[in-house]
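The values are calculated or read from the model by the stated rules, or taken from the named source; none is laboratory data. What you see is a predicted model, and the numbers here were worked out from it, not measured in a lab. With ideal geometry, Cβ positions are generated from the backbone for all residues, glycine too; neighbour counts draw on all protein chains shown. Each accessible area value is taken on the protein alone, full model and side chains, heavy atoms only, with ligands, DNA and RNA left out. Shrake-Rupley method; radii C 1.70, N 1.55, O 1.52, S 1.80 Å.
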Amino acid sequence: MSKDGSRLGLILLMAPLLLWLVTLIILPHIGLFVVSLSEKVGVRTYETGFGNYAVFFTEPLYWNTFARTAYMSIMATALTLLIGFPVAYYIAKLTRGRSKTTLFLMCLIPFWVSELVRTFGWMILLRETGVLSSFLQYLGVINGPVEFLYNDFAIMTGLVYTSMLFMVVPLVTTLDSLDDSLIEAGYDLGASSLSILREIIIPHAMPGIVSGCIVVFMLSLGNYLTPILLGGKDSLWFTGLIYSQFITRFNWELGSAFGFLLLGLSSVIVFAALKLTGQSLGKTMGR
Amino acid sequence: MTDVPDLECRALSKRFDSFEAVKAISFEVPKGSFFSILGPSGCGKTTLLRMIAGFQAPTSGDLRIKGRSVLDVPPNKRPVSMVFQHLALFPMMNIGANVGFGLRQRGVGKAQIKAQVDRVLERVGLAGVADRSVDSLSGGQKQRVAIARCMVLEPDVLLLDEPLGALDLKLREHMKIELKRLQSEFNTTFVYITHDQSEALVMSDQIAVMNRGVFEQIGTAKELYYEPKTAFVAGFVGEANKYRAKVSRANGKQLELLTEDGIALHGLDAGGGLRPGDAAQVFVRPEAIRLSRRAADTQDLGNASAGVVDSVLFNGANSQLILRDAANGAEISVALPQTGAFRDLNKGDTVYFGWEPEQTRCYRAEG
Ligand SMILES: Nc1ncnc2c1ncn2[C@@H]1O[C@H](COP(=O)(O)OP(=O)(O)OP(=O)(O)O)[C@@H](O)[C@H]1O
Ligand SMILES: [Mg+2]
């Protein structure tokens with residue numbers, strides 16, 4: 001009885017998770033995968049094969065777009081880490097009590113408005129008649145209106161801004177758990193601030209760095225709104241490509257194949273990065 | 001040159017906002033000695049040690065190491081090392097890397113670091129653990145690694161902040177002896193803080209008793225035990241029977257007192273300056289009290305009485321007898337002589353006891 005009871009309890013507890021996994025993730029993906037395998041050979045005639053996947057590798061525009069998306073996402077991840085780390089360190093180690101909570105909340109506030117509104121905010125700042133352009137003209141740095149939107153710089157700014165919280169939160173959590181006396185012991189043994197950062201703080205924060213980087217990289221790679229709105233028509237973002245296959249070209253087969261390629265290739269990149277830095281997912285999640 | 005003390009504090013003070021944690025403390029620690037700072041929780045021991053290590057800047061006063069003021073030397077340049085209360089071994093490195101950390105910061109060559117790490121690990125009795133992780137060591141072994149990590153740098157002064165606090169009782173007893181042995185082996189000056197008097201008494205050459213930010217007395221273990229200068233030291237170091245009393249007659253250092261329970265005592269004015277009518281605190285050590293089965297044996301001792309055995313706390317060599325004074329019901333604890341002469345004593349038996357006036361130390365009552 002008790003054994004059956006506990007098993008029933010387990011099933012009930014797992015049910016929402018399983019339901020979510022099966023109906024919202026596994027089923028659509030199976031569907032997409034089936035669609036991606038059917039090649040259009042004539043009007044309303046289809047064959048099963050990997051033709052759609054082959055298109056990606058034979059058409060330079062497609063894999064160039066992917067490479068560019070991946071590269072930009074990696075840069076955005078690195079930048080977010082570079083900016084987020086000092087912020088997280090400051091929040092975790094140099095503030096206490098109320099000011100800590102306040103700072104943490106300030107990181108959260110931008111997420112109370114929708115991504116669309118946030119991105120439009122950046123557009124207002126960066127467009128030709130926007131705040132930045134006017135301000136620089138007022139200062140006399142530039143003497144005509146300048147368009148700051150629709151370039152890689154704008155995309156990068158938007159991506160870093162959107163991702164910051166997802167980097168700062170795991171970093172603050174891991175840095176919080178770093179015992180202050182370890183840092184003091186480092187100084188006591190004659191270390192400079194730089195070698196304490198390198199030998200004590202960063203190794204300790206590694207799980208946070210890894211999980212933050214994975215999340216930010218995946219979010220940037222799969223972001224649609226920010227690159228399209230801030231980068232304009234020529235943003236050449238891979239999700240934009242998928243969107244246009246589904247909606248503009250009505251080529252669901254190729255779109256599905258691209259979706260799967262995005263999933264597979266991004267997993268490969270994450271896996272390679274973990275291997276390259278000698279980290280493992282288990283170690284990251286285990287802590 | 002040889003008589004320059006390794007560490008010298010001159011009127012060192014530390015004030016936090018409105019609270020003065022360390023009040024104008026001055027002391028010297030001669031080279032190669034084991035100096036302990038003993039005090040109750042919150043008396044400012046850690047604050048004092050952190051000022052010496054350089055993690056906190058003193059509000060006023062001077063701090064000299066080997067005769068040179070180090071006030072403007074940052075902690076990573078000071079020739080002192082610190083063993084932290086929870087050791088603060090680096091969990092992200094193995095034992096060898098932990099011990100070699102300081103040498104690496106100095107830019108010593110790899111081969112030489114390895115040789116020195118192996119040598120110092122061997123000296124603390126942990127040869128061959130260099131490749132193991134910190135977690136794989138026992139509490140006592142971690143302790144020794146923490147000491148090795150500091151000693152490999154050959155500091156002028158080693159600071160230890162209650163390093164035995166986290167260990168269990170048995171290991172603590174063992175580590176006491178071990179620490180003393182390491183100190184004499186390395187011949188380095190140790191400054192050791194603790195709230196455990198037996199640690200301080202066993203290991204130290206000199207002990208400073210600290211209370212509310214000041215040093216009440218600095219001396220050897222024996223001086224503190226037999227000649228405490230203040231009531232706080234008399235009460236804090238060792239066991240004592242305490243009385244509150246009023247001085248009824250004073251003749252130089254010889255006092256006659258009357259306790260609150262109405263016992264007349266003969267005592268010694270240890271603090272000085274007590275006059276008739278003054279309130280005093282009186283301390284008598286349990287082992288200063290002599291026991292006898294015959295009244296005649298204790299009659300001439302200056303303070304004598306009879307008591308009924310209330311309980312016998314047998315603990316081998318540290319056995320105690322709790323007596324209730326027959327005359328006034330006051331409780332008094334007496335050390336049981338180790339000869340076994342009183343082993344058949346039972347609850348309810350009557351014994352005679354007494355002690356010399358010289359063993360009755362009187363201090364002015366505070367407040
Ligand atoms: N940063 C600080 N700000 C304000 N007060 C402090 C600070 N650090 C210590 N204190 C106060 O100074 C006093 C002495 O603290 P300290 O840590 O030196 O005590 P301690 O003797 O080491 O005690 P323990 O044996 O419990 O470790 C305490 O009352 C403490 O509250
Ligand atoms: Mg302390």
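Things to note:
- The set of residues in the stretch B:20-46 being more than 14 Å from every other protein chain (Cβ to nearest Cβ) and within 15 Å of ligand 2 (Cβ to nearest atom) consists of B:Ala21, B:Val22, B:Ser36, B:Ile37, B:Leu38, B:Gly39, B:Pro40, B:Ser41, B:Gly42, B:Cys43, B:Gly44, B:Lys45.
- Condition met for B:Pro155 (within 16 Å of ligand 2 (Cβ to nearest atom), under 28 Å from B:Arg106 (Cβ atoms) and assigned by TED's automatic domain parsing to the domain that holds B:Asp196): no
- Check on A:Gly186, at positive phi and open to solvent by less than 30 Å² (accessible area, probe 1.4 Å): no
- Yes/no for B:Phe19 being crowded, with 16+ Cβ neighbours inside 10 Å and among the aromatic types (Phe, Trp, Tyr): no
- Single match in B:Leu63, B:Leu89 (criterion: away from ligand 1 (no atom under 13 Å from the Cβ), in a loop (DSSP other than H, G, I, E, B), under 27 Å from the mean Cα position of the chain (by Cα) and buried (at least 16 other Cβ atoms within 10 Å of the Cβ)): B:Leu89
- Checked against the criterion of being assigned to a loop (DSSP other than H, G, I, E, B), within 16 Å of ligand 2 (Cβ to nearest atom) and touching a residue at least 24 places away in the same chain (Cβ under 8 Å), the candidates B:Ala166, B:Ala200 yield just one match: B:Ala166.
- Against the list (1) open to solvent by 80 Å² or more (accessible area, probe 1.4 Å); (2) hydrophobic (A, V, I, L, M, F, W, C); (3) farther than 29 Å from B:Thr230 by Cβ, the condition B:Val308 fails is (1).
- Selection from the stretch B:157-171 of residues that are more than 16 Å from ligand 1 (Cβ to nearest atom) and modelled with pLDDT of 90 or more: B:Val157, B:Leu158
- Residue under evaluation B:Leu103, criteria (1) part of a loop (DSSP other than H, G, I, E, B); (2) within 14 Å of chain A (Cβ to nearest Cβ), criterion not met: (1)
- For the stretch B:114-129, taking the residues that are on the phi < 0 side of the Ramachandran plot and open to solvent by 20 Å² or more (accessible area, probe 1.4 Å), the one that is nearest to the chain's Cα centre (by Cα) is identified as B:Arg123.
- The listed residues are B:Ser33, B:Ser13, and the only one of them that is away from ligand 1 (no atom under 12 Å from the Cβ), over 30 Å from B:Gln141 (Cα atoms) and in contact (Cβ under 8 Å) with a residue 24 or more places away in the chain turns out to be B:Ser13.
- Filter pass, B:Arg149 being assigned to a helix (DSSP H, G or I), within 16 Å of ligand 1 (Cβ to nearest atom) and surrounded by 17 or more Cβ atoms within 10 Å (Cβ to Cβ): no
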